[in-house]
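The structure under discussion appears below in the form of structure tokens.
The numbers here are math on the coordinates, done by the rules we state, and not lab data. What you see is a predicted model, and the numbers here were worked out from it, not measured in a lab. Cβ coordinates were reconstructed from backbone atoms using ideal geometry, including for glycine residues, and neighbour counts include every protein chain displayed.
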Amino acid sequence: MSSSEDNKNKQVNIDTITPNECLDFLWKALNKASNKGVFNIDESYSIRVIFNKLAKTIDNNVKSV
């Protein structure tokens, strides 16, 4: 099994991952759906803007703790 296959099958405990890891997982899932044509261009843009806003908020909250 290759390294990339190991990463695809890696099991993660959702209760122990960081907010940034949650966003990373969400981003990968959304990209996968987008590549399959699930979203139109307006929806894709809106998702990206919302994602970036959430990521910035989470980063600011983590830094202030």
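Laid out as a table, the results:
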{"read-out": "Nitroxide proxy distance, nm - points 7 Å out along Cα→Cβ at Val65 and Leu30", "value": "2.1"}
{"read-out": "Which labelled figure in (1) -0.25, -0.45, -1.10, -1.18; (2) -0.42, -0.70, -1.09, -1.11; (3) -0.30, -0.50, -0.98, -1.04 is log10 I(q)/I(0) by the Debye sum over Cα atoms at q = 0.12, 0.16, 0.25, 0.26 Å⁻¹, once derived from the coordinates", "value": "(2)"}
{"read-out": "Simple spin-label estimate for Val38 and Gln11 in nanometres, 7 Å along Cα-Cβ", "value": "2.4"}
